[in-house]
1. List the extent of the Cα atoms of region 87-133 along each of their three principal axes, largest first, rounded to whole Å.
2. What is the dipole size for the chain, taken about its Cα centre, with +1 at each Lys and Arg Cβ and -1 at each Asp and Glu Cβ, in debye to the nearest 20?
3. So if we plug the beta-carbon distance of A153 and V93 into 1/(1 + (r/R0)^6) with R0 = 35 Å, what FRET efficiency do we get, rounded to 0.05?
4. Calculated from DSSP H runs of 4 or more alone, at -39500 (n - 2.57) each and per residue, what is the 222 nm mean residue ellipticity of the chain, nearest 500?
5. Just the number please: accessible area per residue for region 1-61, 1.4 Å probe, all protein chains included, in Å².
6. Give me the percent of the accessible area of region 23-161 that comes from carbon and sulfur atoms, probe 1.4 Å, all protein chains in place.
7. Restricting things to alpha carbons, find the Rg to Rh ratio for region 53-163 using the Kirkwood radius for Rh.
8. Working from the pairwise distances between different alpha carbons, so that the mean of 1/r is found and then inverted, what is region 28-73's Kirkwood radius in Å?
Amino acid sequence: TNDTCQDNFTITRTWIARDICGNETSASYSIMVRDTIAPMIFNVPASDTVTCQEAIPMVPANIFATDNCAAPVFLEFNEVTVPAGWDDQYDVVRSWTAYDACGNSFDTSYTIYVRDTIAPDIFGGANFEALCDQANANNDAQLLSWLTSQAGATGVDNCSQVSWTNNFDPDNWVDGCGNT
């Protein structure tokens, strides 16, 4: 007797015993064959990290699935890109699901971590000198202009635009002579 899928079925064996007077009795037993083992997926690579300058590896063409029974195996693929903090860092998650006609399934995946691993380069820049005299009474404005322009320096990064910060503490800055 066939069941819901090709690899699930029942075999019933019946014995009938008759005597010469026509009396008979029977006995039977059933063997239920069930596919309960999920398919297996092969050749899925290990997770890897690449830099933002490298090309994302292609999806491997040699990934396949097999099953322990005769029913066909179906293999589904999915790819999702997930942000990982900064604009130039993200994860590419590739996953496969193999399932057979009897509803058994197996999932596997690997992740490509795209990371910016190289610090930006800074070029140029000049020191700031605040002179303590009446001609330079606008030291605050000059300092803020110097900080805003990154001291005249430029920055270059291999993956993204450079953002600037400084550790200037305005509470420790006193414009005037005697408190420098």
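1. 89, 18, 10
2. Numbers: 5 positive and 24 negative charges, 210 e Å.
Value, rounded to 20: 1000 debye.
3. Working: r = 38 Å, r/R0 = 1.10.
So the FRET efficiency works out to roughly 0.35.
4. Numbers: 1 runs with 10 residues, N = 180.
Per the formula, -1500 deg cm²/dmol.
5. Values: 4680 Å² over 61 residues.
Accessible surface, normalised per residue, equals 77 Å².
6. Numbers: 4820 of 8990 Å².
On region 23-161, the fraction of accessible area on carbon and sulfur atoms equals 54 percent.
7. Working: Rg = 27.5 Å, Rh = 19.5 Å.
Result: Rg/Rh = 1.41.
8. Details: mean 1/r = 0.0687 Å⁻¹.
The Cα-based Kirkwood calculation yields 14.5 Å.
The values are calculated or read from the model by the stated rules, or taken from the named source; none is laboratory data. Given the structure is predicted, the values throughout are model-derived calculations rather than measurements. No Cβ is skipped: glycine too gets one built from the backbone with ideal geometry, and neighbour counts run over all protein chains shown. Just so you know, the surface numbers come from the protein's heavy atoms only, side chains and all, with ligands and any DNA or RNA stripped out. Shrake-Rupley method; radii C 1.70, N 1.55, O 1.52, S 1.80 Å.
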